[in-house]
Amino acid sequence: MADLSIKIGHTTFKNPIFVASGTFGYGTDNPELVDVSNIGAIVTKSITLNPREGNPPPRIVETPSGMINSIGLANIGVEKYISELLPIYEVMDTPIIMNIAGSSITEYIDVMKKVEAVSSNIVGYEINISCPNVKEGGMEFGVDCEMTEKLTRELRNFTDRLLIMKLSPNVTDITAIAKSSENGGADAVSAINTVVGMSIDHKTKKSNIYTTYGGLSGPAIKPVGLACVHKVFNAVKIPIIGIGGMVSSHDVIEYILAGSCAVQIGTANYRDPGIAEKILNDLNDYLDEQNLNSITSLIGAVKTYV
Amino acid sequence: MKIEQAIVLRNEQIAHGIWRMSLVAPDVASAYVGPGQFISLLTDDSWDHLVRRPMSIAKINEDEVDIIYKIFGDVTDHFTKKCPGDSMNILGPLGNVFTDYNSEFAEPILIGGGVGLAPILNLYDACEKAVMIIGARSADEHFLNHKPDNSVYLTTDDGTAGIEGNVLTALKNMNLSENTILFACGPEPMLIAIQNYADEYNIRAQLSVESYMGCGVGLCQGCVIERQNGQVMKHSYHEKYSLVCLDGPVYECDEIIFG
Ligand SMILES: Cc1cc2nc3c(=O)[nH]c(=O)nc-3n(C[C@H](O)[C@H](O)[C@H](O)COP(=O)(O)O)c2cc1C
C-alpha cells in the first residue's frame, strides 16, 4: 500500500484528502454517516470574532453541475469555538484546521490570539480572504496584494502553527495574491473558494438567492480550480491545497497533477458526508495500480503542450 | 439517519401531475420515528443535479417508504422515469415529527394542499381519530374521495370536486374547540393563511414547511427559516434563523415567520 502521508510546513498529515470549510460543519456532526478518523484533516466552518446569524433565505440553489450559496458566514463565534469545540477536538484523531474570517486585520488577529491563548490540538489556520457573500468575508483582502501580504505577516507573528491563506478565483491575477501570501510568510495557500455566480428563475423573474450573487461550487468550477492551482504552482514555492468541484479520486489526481499536494472536498460532502473516505480508498487503489508508493511524483506533473 | 440504495417498487401517476413512488428501503424504514419526517433523494448517479431533493414520507409499511411528488422541474420529471426494480439513492429519515395528535382530548384537523398532502396522509394513518381537509385547484388533482361522513373533505378552487373554495373555506365551516389542533402542510400562501387563522382564533397549529436544502443534515446551513420569537440581536447564531433540516420541518405556527 502506498504511503499517503504528506507534509505541509512542519505538519505531517496521514493523507491528502481534507474536507473544505463550510461543507462539513464543525466536524462533530453526523457520526452515523461518516467516520472522520480517516479524513486527512477537517477544515472547520469560518469563524469570526462574534457569532453571525448569516444571510436571509434563500441561501442555496442548484445550478448545472453545481450550486450557488450565500450563507453569509453563519457561525458560532470564536468564544464558543474555544469553549465548546476545542475540548471535543482534543479527543478526536482527525487533525483540525481552523478557518478564520474577518472584516479587518485586527479582527483576524483577535480571533487567532484568543485561540493561541488557550491550549488546543488544532494543527493550523486557514485564513478566508475570499468569501464572496458578505462584506465582512475578507474579500477586500483577497483581491489586494498589499493587504494580503500585510495580513499574512501580522498573523505569522502570532502563530507557529500551519498558516494557510485561502485564495479567491474572483481576481484578475491569482498568482499575485499567492505570491503576497508567500512573501508574508504563509506555509501554504489553498485554492479556490467559490466563484461569484447568479441564478434567476425565468418563471417568477426573481433572483434565486437573497443576496443576488452567491458563490458557485461543485463540479461546475473544477476547470476554474484546476487552472488556478496550476498557475499558482508555477508562481510560488509553498505547497498548494487544491479545492473546487472534486467528487472522485480521478478529480483528486487531476488536482495533484495540476500542482496540489493535498486537496479539500467541499460540496460533494452534502450529497454524501462519507465521500472523502471513499475517495481516499479509491486514491489508494489507483496508486497501487500505478505502482506508485506516494503521490509526490505526481504533484504538478501534468504534461502540457507548451 | 442512513444513506441507502433503495429499490423502486411502484411509481405511478395518481392524479394530474401528481405521482406516488414506493421504495424498498429497510435501513431508512427501520430508523423512522414518525409522521413529519422526510427523506432526501438523488436524481441519479451523475453530478449534473448534485443537490438531493427532500420529500416528505407519505407512508411507511414495514420496509417500504412512500413519497408523493409533483412534477415541477426536470429533477422531478426524472423521478417519473424510474421503473420498478430501479434504484434510488436516498438519505433519511430526516427531520422532526408532528406531536400530540393522539393525546387525550386532542381534536386534530389535518390540512394538506398540493403535494403538501404527503406528510398529512402519513399523519392521518397514525391518528386514532382526525378530520382531514385536502385542497387542490381542480378535481383532476385529487386522488381521494370527498367523504364528509368519514371526516374527509376535499376542496377545489373551481368547484369540480368537494367544497368549492380552498382549505380555509372548509376550515371556517368547522366547529373548532379549545382542543382543536391544526396540522398543515402545503404551499406557503396556504400555510400563511392557516398561521393567521390560528393566531386570530387562538388555536394551536403545527405547520410542516418546505425549504431548499443543500444537505439535509445541518452541514450547509442553507435551509433556514426565520424564527418569530428569536432574540434578534446584533450578533446571534441560530437565534434569528432555524435550520429546517434539523429543527423542522414541523414547527408550531407561532415559532416561525414566512419570508
Ligand atoms: C454552502 C457553502 C458554504 C461555504 N462556507 C465557507 C466558509 O465558511 N469558509 C470558507 O473559507 N469557504 C466556504 N465555502 C467554500 C468551500 O470551502 C470551497 O472552497 C468551495 O465550495 C469550492 O469547493 P467545492 O466545489 O468542492 O465545493 C463554502 C462553500 C459552500 C458550498
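The values are calculated or read from the model by the stated rules, or taken from the named source; none is laboratory data. The model shown is predicted, which means the values in this text are computed figures rather than measured ones. All Cβ positions, even for glycine, are placed from backbone atoms using ideal geometry, and neighbour counts span all protein chains on display. Ligands, DNA and RNA are stripped out before the accessible areas are found, and what is left, the full protein with its side chains, is counted by its heavy atoms. Shrake-Rupley method; radii C 1.70, N 1.55, O 1.52, S 1.80 Å.
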Considering each of B:Gln206, B:Gln195 in turn, give the residue that is assigned to a strand (DSSP E or B) and away from the ligand (no atom under 16 Å from the Cβ). B:Gln206
In this structure, does A:Ile97 turn out to be within 15 Å of the ligand (Cβ to nearest atom) and in contact with a Gly (Cβ under 7 Å, 6 or more places away or on another chain)? yes
Answer yes or no as to whether B:Tyr212 is surrounded by fewer than 21 Cβ atoms within 10 Å (Cβ to Cβ), modelled with pLDDT under 95 and hydroxyl-bearing (Ser, Thr, Tyr). yes
Please tell me if A:Gly214 is near the ligand (Cβ under 10 Å from one of its atoms) and either in contact with a Gly (Cβ under 6 Å, 6 or more places away or on another chain) or open to solvent by less than 30 Å² (accessible area, probe 1.4 Å) (or both). yes
Name, by its number, the condition in (1) within 13 Å of the ligand (Cβ to nearest atom); (2) open to solvent by less than 20 Å² (accessible area, probe 1.4 Å); (3) at pLDDT below 95 that does not hold for A:Tyr26. (2)
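When only residues in region A:40-59 that are in a strand (DSSP E or B) and either at pLDDT 95 or above or open to solvent by less than 10 Å² (accessible area, probe 1.4 Å) (or both) count, which is nearest to the ligand (Cβ to nearest atom)?
A:Val43
Condition check: open to solvent by 30 Å² or more (accessible area, probe 1.4 Å) and within 11 Å of another protein chain (Cβ to nearest Cβ). Does B:Arg227 satisfy that? Steps first, answer last, please.
Numbers: open to solvent by 30 Å² or more (accessible area, probe 1.4 Å): yes; within 11 Å of another protein chain (Cβ to nearest Cβ): yes.
Yes, satisfied.
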For region B:246-255, state whether one or more residues are open to solvent by less than 10 Å² (accessible area, probe 1.4 Å), of a type in the set (Gly, Ala, Ser) and within 16 Å of the ligand (Cβ to nearest atom). no
Only one of A:Ala235, A:Ala258 is more than 14 Å from the ligand (Cβ to nearest atom) and in contact with a His (Cβ under 8 Å, 6 or more places away or on another chain), namely A:Ala258
Suppose we filter A:Pro223, A:Pro219 for residues that are open to solvent by 70 Å² or more (accessible area, probe 1.4 Å), within 30 Å of B:Gly214 (Cα to Cα) and within 13 Å of the ligand (Cβ to nearest atom); which single one remains? A:Pro223
For region A:14-34, what are the residues that are more than 7 Å from chain B (Cβ to nearest Cβ) and assigned to a loop (DSSP other than H, G, I, E, B)? A:Lys14, A:Asn15, A:Pro16, A:Ala20, A:Ser21, A:Gly22, A:Tyr26, A:Gly27, A:Thr28, A:Pro31, A:Val34
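Each row is one residue, and each column tells you yes or no for (1) surrounded by fewer than 19 Cβ atoms within 10 Å (Cβ to Cβ); (2) among the β-branched types (Val, Ile, Thr); (3) closer than 17 Å to A:Ile243 by Cα.
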{"position": "A:Ile127", "(1), (2), (3)": "no, yes, yes"}
{"position": "A:Thr152", "(1), (2), (3)": "no, yes, no"}
{"position": "A:Lys166", "(1), (2), (3)": "no, no, yes"}
{"position": "A:Ala176", "(1), (2), (3)": "yes, no, no"}
{"position": "A:Ser180", "(1), (2), (3)": "no, no, no"}
{"position": "A:Met198", "(1), (2), (3)": "yes, no, no"}
{"position": "A:Asp201", "(1), (2), (3)": "yes, no, no"}
It is to be established whether one or more residues within region B:138-150 are under 17 Å from B:Ala193 (Cβ atoms) and in a helix (DSSP H, G or I). no
Pair list, Cβ under 6 Å, 6 or more apart: region A:201-229 residue in contact (Cβ under 8 Å) with a residue 60 or more places away in the chain, other residue among the acidic types (Asp, Glu): A:Asn208/A:Asp201
Restricting to region A:35-79, count the residues that are under 25 Å from B:Glu4 (Cα atoms) and within 10 Å of another protein chain (Cβ to nearest Cβ). 8
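Per-residue answers, yes or no, for (1) surrounded by 24 or more Cβ atoms within 10 Å (Cβ to Cβ); (2) in contact (Cβ under 8 Å) with a residue 60 or more places away in the chain:
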residue	(1), (2)
A:Gly9	no, yes
A:Ser21	yes, yes
A:Pro31	no, no
A:Val36	no, no
A:Asn69	yes, yes
A:Gly72	no, yes
A:Ile88	no, yes
A:Met92	no, yes
Could you tell me whether A:Ile238 is open to solvent by less than 10 Å² (accessible area, probe 1.4 Å), modelled with pLDDT of 95 or more and not hydroxyl-bearing (Ser, Thr, Tyr)? no
Which one is surrounded by the most Cβ atoms within 10 Å (Cβ to Cβ) among residues in region B:1-21 that are within 24 Å of B:Asn96 (Cβ to Cβ) and under 19 Å from the mean Cα position of the chain (by Cα)? B:Met21
